[in-house]
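The block underneath contains the structure these notes are about, expressed in structure tokens.
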Amino acid sequence: MNYVGHIAVGMLLTDEDGAAGDHFLVGCALPDYAAMAGVRLRPARPNEYTAGIATHQACDVRFHQLAWFRHATAALRPVLLSGGFSRGAARAAAHILPELALDGRLIARDAVAVATGRVLDAVAEPEDHLIGLVDGVDVDRWRMGLERIGREGTPARYAEPEWLARRVVAATAGRPALRVSADHIPVLADQAEKLLSDQRLDPDAILVATSGLDPPSTSGLRPPG
């Protein structure tokens with residue numbers, strides 16, 4: 001699950017009176033932002049972000065058990081292999097693309113778009129407790145990474161198939177065994193378009209199951225037709 005999905009799950013888990021607040025939603029996104037910034041989160045003590053971080057980690061485990069996700073990745077791999085992908089690249093792209101497509105479906109919801117915008121605004125000007133989630137030599141990289149993510153984040157583009165394809169290429173660029181060639185963008189864009197319109201993708205069922213409010217084994221996947 002990518003950060004927009006994690007924010008949407010956080011919204012589902014936030015008390016109706018907003019008691020958890022934006023700090024919780026920021027925390028739900030932070031592990032993905034840490035990966036994007038190339039740092040590891042090492043909170044020295046609990047603070048207003050750590051509950052969201054823990055929620056993110058638990059949700060990732062449940063998300064990867066979802067029938068929809070397992071079906072989507074299994075269906076994508078042979079298509080990508082037949083399109084000329086290496087085995088490593090096909091495995092990586094088949095894992096990443098469904099996550100990004102889910103974000104594309106979710107960001108079309110006004111409430112999710114607004115909440116995601118608030119999270120990006122918060123990390124664009126990170127406060128001390130947020131910076132303090134990493135230590136040592138990573139602090140400057142973390143601060144600059146958060147500021148860049150907050151300023152340059154364009155989550156609305158997750159609804160664009162070609163942009164999703166380019167994100168997969170960028171996400172795998174630093175890992176030679178998994179690297180997806182830019183030559184494969186047309187194949188990925190075609191598969192992204194299919195995922196974005198897949199009627200078996202039920203965002204509400206996926207959010208509920210990923211949140212832990214419903215067993216994850218079958219939620220999110222409806223039979224064809």
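Throughout, read-outs are computed from the coordinates displayed, never taken from laboratory work. In this text the structure is predicted, and so the values were computed from the model without any measurement.
Tabulated results
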{"quantity": "Long-range amide H partners of F85 with built H, under 5 Å", "calculated": "none"}
{"quantity": "Rounded to 10°, Cα long-axis angle of helix 3-13 versus longest principal axis of the chain", "calculated": "60"}
{"quantity": "Angle between the chain longest axis and helix 67-82 axis [Cα atoms, degrees, rounded to 10]", "calculated": "50"}
{"quantity": "Value of relative contact order over region 43-202, rounded to a whole percent, pairs C-alpha under 8 Å and six or more apart", "calculated": "28"}
{"quantity": "Relative contact order of region 1-81, pairs being alpha-carbon contacts under 8 Å that are 6 or more residues apart, as %", "calculated": "31"}
{"quantity": "Angle between the chain longest axis and helix 161-172 axis [Cα atoms, degrees, rounded to 10]", "calculated": "70"}
